Amino acid sequence: MSKIRGMRRYGFLASSIGVTCAAGLALVPGVLAGAAAAAAPAAPATTAGAAPATGPVTGPAAVPGSTQSLPLAPRAAGRTRGRAVGAALEQGLRRADVRHFSLVGVVWDNPATELHGSVQIRTRSAATGTWSDWQDVDTHNTDHGADPGTAERTGGHIRGATAPLWVGDSDGVDLRVRADTGDRTDDTAAEPPVPLPSGLRLELVDPGDTPGEDGPQTDQPRTGDLSEAATAASAANSGLAPLGATEIPALDRADTERELLDLRGDELTDAQRAEPHIGARPRIVTRRGWGADESLRSPGFVYTKKAKAAFVHHTATGNNYRCSQTPSVIRSIYRYHVKSMGWRDIGYNFLVDKCGTVYEGRAGGVAKAVLGAHTMGFNSNSVGIAVIGTYSRSKPSSAAVKAVARLAAWKLGLYGMNPRGKTYLKSGGGNLYGKGKNVHLNVISGHRDGFATDCPGRKLYAKLGTIRSTAARYQGR
């Protein structure tokens, strides 16, 4: 194991990871801006060739994309599971005159209300004009989101929602939402059905056309068209990549150890300095690389103290996407989380596609402890890693599993965490653990370990043991 005492070869952003900002400021822009300014470290040194992160780089920065929000209407009474269904228990719409969209979801007024029933959709391909088969939309999405009591959760913008579903370029939609009426045929004995939530709306998301079907362009950083918000998001990775970069390059093990010393050297013990346990930093496509419209999110960044654990998720968006489409899928999820669900930013800290490419999620800096909205009750001091796709019945690719392990080995290694170990996290409140309870969790856990949910899907959850052992090996343990 290489020794790194006293090494300072690269000018990485020093001591910025430990910056703490109260989670309660998440949706208070004026307070948040002040808090972010107060928490900002001194101007960092930059790597060779990196543009200094001082001042906004202005210019045109419009990113295409849109959301069509369509109210649902009661559908004619029918029968399901052998029982009569009244119009109030089934809603939907059929439209063949909508603008192009690629991702769908259903939202409703109260985020605390669950949708007890089914959501099915079919869409018309814009390329061929043919209608798809009916597809199920995952209705259990209340397990994601900001912790109870935080400003992001209580700011009055949050809506209940299904998971988003990627359907590809479409121009027609047919939707039906049915309340769960139970399996019994004896109406007198059956429990009354739970009504559908109020304010049901279908969200049709167009991700826009940039950076394009060929994926992110990573040859040269582009700074001439950065808005102020885009400049801030890029500058949060200062020292790791030049301002405006579309990717943060991979490092080998030795250079990652030197980076660790520059990032957290003052907090390392002599033993950690002599033999650091950290995996080599993987290549990470930045928000700039996947084409994030930084004007959508709330301003500023919110940090927690550290990253003691990683929660693995699946996005439940389906597996019918090409890896070249991943930037479009992420832009769609981002827009759905912010514009449709009312979150301050995309919920996950990182996303991984089925080809094993790692993408930056919530803004604030990939090496910093950014507060996400991925595991309700356990967002503080944790990182959310989402594999793009649905893995309840389908196995995740080996490339995705390996990428999650590499990412966890690096990110958790920045905070001295053993991927095969256990840690305590204090619950912020959820359906498994009450607020304030200290919970003993695996350092690499699945979403379902902190909240009663199917996420990250049975097939991906079964890979967590492999991810833990592989990540530990990458750390040299």
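The values are calculated or read from the model by the stated rules, or taken from the named source; none is laboratory data. Because the structure is a prediction, the values reported are computed rather than measured. Here Cβ is always computed from backbone atoms with ideal geometry, including for glycine, and neighbour counts include all displayed protein chains.
Name the strands (runs of 3 or more DSSP E) wholly within the range 422-477 that hold at least 2 residues that are out of contact with any helix residue (DSSP H, G or I) (no Cβ under 9 Å at 6 or more places or on another chain) and in the same structural domain as S382 (by TED's automatic domain parsing)?
Output list reads 422-426, 438-442.
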Considering residues that are in a strand (DSSP E or B) and closer than 12 Å to G168 by Cβ, the number found within the range 116-145 is 4
Review point. Could you say whether any residue in the range 315-324 is within 19 Å of E247 (Cβ to Cβ), modelled with pLDDT of 95 or more and of a type in the set (F, W, Y)?
Key: no
Exactly one of K463, K411, K435 is among the charged types (D, E, K, R), touching a residue at least 24 places away in the same chain (Cβ under 8 Å) and surrounded by fewer than 22 Cβ atoms within 10 Å (Cβ to Cβ), and that one is K435
The residue that is nearest to the chain's Cα centre (by Cα), considering only those in the range 172-222 that are exposed (fewer than 12 other Cβ atoms within 10 Å of the Cβ), modelled with pLDDT of 50 or more and closer than 28 Å to A161 by Cβ, is S198
Of those in the range 114-141 that are under 20 Å from E90 (Cβ atoms) and of a type in the set (D, E, K, R), the residue farthest from the chain's Cα centre (by Cα) is D133
inquiry  = Being within 24 Å of the chain's Cα centre (by Cα), surrounded by 21 or more Cβ atoms within 10 Å (Cβ to Cβ) and in the same structural domain as T357 (by TED's automatic domain parsing) is the requirement here; does R288 meet it?
reply    = yes
Over the range 327-357, the set of residues touching a Phe, Trp or Tyr at 6+ places or on another chain (Cβ under 6 Å) and either closer than 21 Å to E228 by Cα or surrounded by fewer than 24 Cβ atoms within 10 Å (Cβ to Cβ) (or both) is I346
When the range 311-343 is checked residue by residue, the ones that are out of contact with any Ser or Thr (no Cβ under 7 Å at 6 or more places or on another chain) and charged (D, E, K, R) are R322, R331
Restricting the range 146-171 to residues that are of a type in the set (S, T, Y) and not in a strand (DSSP E or B), the one nearest to the chain's Cα centre (by Cα) turns out to be T162
Every listed condition ((1) among the β-branched types (V, I, T); (2) surrounded by fewer than 20 Cβ atoms within 10 Å (Cβ to Cβ); (3) under 23 Å from A292 (Cβ atoms)) holds for V387 save (2)
- Of the residues that make up the range 231-253, is at least one modelled with pLDDT of 95 or more, in contact with a helix residue (DSSP H, G or I) (Cβ under 7 Å, 6 or more places away or on another chain), surrounded by fewer than 23 Cβ atoms within 10 Å (Cβ to Cβ) and closer than 14 Å to G413 by Cβ? yes
